[in-house]
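A.B. asks: Take a look at this one; I'll ask things after.
Every number here is computed from the coordinates shown, using simple stated rules; none is lab data. Quick caveat, the model's predicted, so the values are computed rather than measured. Heads up, the Cβs are rebuilt from the backbone with ideal geometry, glycines too, and the neighbour counts pull from every protein chain shown.
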Amino acid sequence: MGKFLAGRPKTKVNLKFTNDIIDPMRDDVDLAIQITEPMAPYLVRTKLVSANLKLYAEAQIANAILRVSDLKNHPAIKTSNEDGDEIVLRLNDKDHSWEERLRVICTVNDPEAACFIAAEGQAIAALPEFLADRFVRMGSLMPVLPSVHAGVITISAASPPGRLEVPLMRAFIKALKKELTDIRFAK
């Protein structure tokens with residue numbers, strides 16, 4: 001946002017951060033950046049980026065898991081707005097697909113918080129690579145079964161109909177997509 005506002009001294013922005021599901025029309029918001037699909041069919045969805053999910057845990061747990069069947073011996077952290085006693089992981093590598101059910105010991109609605117909890121706890125988490133990478137570089141998380149993928153999340157912008165007709169909104173979406181692609185999600 002700072003980069004976008006530089007050179008636009010008359011532009012005023014009101015940012016609100018929440019992991020709750022936002023309906024831009026109901027909540028009087030011009031734009032909501034969401035990992036979840038917009039629920040209301042009247043919203044305009046703009047895909048910004050996709051991110052791979054992989055499994056992570058602290059080193060002792062990660063080193064104890066040598067094959068997919070070992071996952072069931074460990075609890076999980078669920079990243080969701082909805083509580084639950086178990087999580088179903090849909091896993092794949094280049095040759096196989098699996099479905100594993102793990103017992104949930106913690107549900108958190110913020111993936112970065114899930115990184116911190118996994119780094120300090122005794123559970124596995126399916127996390128976006130771009131978030132977990134910093135924890136891996138610090139040595140507090142390790143990939144679990146590095147060749148196995150746990151899905152893909154899509155980060156989207158949701159807006160009321162007609163809002164993207166505003167040139168400033170279109171410029172912001174374009175700048176945000178470029179920033180996410182060039183910086184946070186670069187491989």
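A.B. asks: Under 20 Å between alpha carbons, and skipping anything fewer than 8 positions from K94 in its own chain: which aspartates and glutamates qualify?
C.D. replies: Filter leaves D70, E129.
A.B. asks: Shifting gears a bit: So if each residue of separation counts as 0.36 nm, and I subtract the Cα-Cα distance between S69 and L168, what length gain in nm does that give?
C.D. replies: 30.6 nm
A.B. asks: Give the percent of DSSP beta bridges with both residues in the chain that are antiparallel, rounded to the nearest 5.
C.D. replies: So the antiparallel bridges amount to about 80 percent of the total.
A.B. asks: Right, next: Over the stretch 10-91, what number does the Rg to Rh ratio reach, with both radii from the alpha-carbon atoms and Rh per Kirkwood?
C.D. replies: Ratio of gyration radius to Kirkwood radius: 1.10.
A.B. asks: Could you work out how far apart the two model spin labels at K178 and T11 are, taking each label as a point 7 Å from the Cα in the direction of the beta carbon, and quote it in nm?
C.D. replies: Rounded to a tenth, the inter-label distance reads 1.1 nm.
A.B. asks: Take the chain, connect every pair of alpha-carbon atoms lying under 10 Å apart with a spring to form a Gaussian network, then pick out the residue of V29, V104, V13 with the largest mean-square fluctuation.
C.D. replies: Judging by the Gaussian network model, the answer is V13.
A.B. asks: Would you calculate a helix-derived [θ] at 222 nm for the chain, using -39,500 (n - 2.57) for each DSSP H run of n ≥ 4 and dividing by the full residue count, to the nearest 500?
C.D. replies: -6500 deg cm²/dmol
A.B. asks: Continuing with this model, one more query. If you take the C-alpha gyration tensor of the stretch 51-152, multiply each eigenvalue by 5 and take the square root, what semi-axes do you get, largest first, in whole Å?
C.D. replies: Computed over the stretch 51-152, the values are 17, 16, 13 Å.
A.B. asks: Compute the FRET efficiency between D23 and S97 as 1/(1 + (r/R0)^6), taking r as their Cβ-Cβ distance and R0 = 45 Å, and round to the nearest 0.05.
C.D. replies: So the FRET efficiency works out to roughly 0.85.
A.B. asks: Over the chain, what is the relative contact order in whole percent, taking alpha-carbon pairs under 8 Å and six or more residues apart?
C.D. replies: 34
A.B. asks: Calculate, in nm to one decimal, what D30 and D83 gain on full extension: separation in residues at 0.36 nm each, minus their alpha carbon distance.
C.D. replies: Full extension of this stretch gives 16.2 nm more.
A.B. asks: Okay, moving on. Please rank D110, D85, fewest neighbouring Cβ atoms within 10 Å first, as an exposure proxy.
C.D. replies: D85, D110
A.B. asks: May I ask what percent, to the nearest 5, of DSSP beta bridges between residues of the stretch 57-160 are antiparallel?
C.D. replies: 60
A.B. asks: Quote the Stokes-Einstein diffusion coefficient, in whole µm² s⁻¹, for the stretch 51-102, based on the Kirkwood radius over alpha carbon pairs, a temperature of 10 °C and a viscosity of 1.306 mPa s.
C.D. replies: My calculation gives 129 µm²/s for D.
A.B. asks: Which value does Rg/Rh take for the chain over its C-alpha atoms, Rh per Kirkwood?
C.D. replies: Rg/Rh: 1.02.
A.B. asks: Tell me the relative contact order for the stretch 51-152 as a rounded percent, counting alpha carbon contacts under 8 Å between residues six or more apart.
C.D. replies: 46
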